[in-house]
Amino acid sequence: MGLAFDRHLADGSYESKESAMPIILGVALGGAIGASSRYAVDRYIEARSDAIFPWATFAVNVSGCLFIGLIAAALVDRHHLPAWVRIGLVVGVVGGYTTFSTFAQESLDLVDARHFAIALAYTTASIVAGMGAVLLGSWLGRSV
């Protein structure tokens, strides 16, 4: 077993044994901020666009990827902030804003670790399974 804080995971956590309650509160507060931000950005863009292309979702997903990269590099990788702050920012704020950013970060982590086949399988399976789940959910929703 390594030292505490020796390895960070895609969610901004480290392998450590910190109390769970502050982390849960950080995630809950961050989630409220992230979800509210997503709604605000979505409404702002939708009010200004007549396009068929889903620009609001695209902007949220890409900006979420920018945010998770920025947070991971600036705050998680280089600074040993308390777990409730790290995880609250990554899982809470960015996760509440978009889970696509977590998907992209985990995919990049696999590539960085040179697990190319797993990265390709993960990205392909996630997109195909996600679209299939939306299709199935839509079908089930219409049959109710």
Query raised in the report: Tell me, what HN-Hα J-couplings in whole Hz come from the Karplus equation 6.51 cos²θ - 1.76 cosθ + 1.60 at θ = phi - 60° for each residue of segment 19-36, using x for Gly and Pro?
Result: 4, 7, 4, x, 5, 4, 5, x, 5, 5, 5, x, x, 5, 5, x, 5, 5
Query - Phi to ³J(HN,Hα) by Karplus 6.51 cos²θ - 1.76 cosθ + 1.60 over segment 107-122, Hz, x for Gly, Pro - result: 5, 5, 4, 5, 5, 4, 7, 6, 9, 4, 5, 5, 4, 5, 4, 5
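How far, in nm, would the chain grow between A113 and L136 when pulled straight, counting 0.36 nm per residue and subtracting the alpha carbon separation?
Values: separation 23, 0.36 × 23 = 8.28 nm, distance 3.37 nm.
My answer for the length gained is 4.9 nm.
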Report summary line: For A121 and W55, extending 7 Å from Cα along the Cα-Cβ vector and measuring point to point gives, in nm, a value of 4.0
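In segment 16-74, which trypsin sites (Lys or Arg not before Pro) fall in coil by DSSP and have 14 or fewer other Cβ atoms within 10 Å? Present the calculation step by step, with values, prior to reporting the outcome.
Working: sites: K17, R38, R43, R48; in loops: K17, R48.
Sites meeting the loop and neighbour criteria: K17, R48.
Sorted by average packing, counted as other Cβ atoms within 10 angstrom per residue and highest first, what order do 87-96, 23-32 take? Intermediate results must be reported in sequence, preceding the final value.
Values: 87-96: 25.2, 23-32: 17.4.
For the peptides 87-96, 23-32, the packing ranking is 87-96, 23-32.
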**Report entry** Expected 222 nm ellipticity per residue - DSSP helices of 4 or more, -39500 (n - 2.57), all of the chain, to 500
**Finding:** -21000 deg cm²/dmol
Requested in this report: Enumerate the calculated ³J(HN,Hα) couplings along segment 82-93 in order (Karplus 6.51 cos²θ - 1.76 cosθ + 1.60, θ = phi - 60°), each rounded to whole Hz, writing x wherever the residue is Gly or Pro.
Outcome: x, 4, 5, 6, 4, 6, x, 6, 6, 6, x, 5
Query raised in the report: Farthest toward the dipole's positive end in the chain, which of F116, C65, A133, given Cβ charges of +1 (Lys, Arg) and -1 (Asp, Glu) about the Cα centre?
Result: A133
Requested in this report: Please work out which option in (1) 180; (2) 155; (3) 335 gives volume of the Cα convex hull per residue in Å³ calculated from these coordinates, and answer with its label.
Outcome: (2)
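Every number here is computed from the coordinates shown, using simple stated rules; none is lab data. Not measured: the values here are computed from a predicted model. Counting neighbours? That spans all protein chains shown, and the Cβs are built from the backbone with ideal geometry, glycine included.
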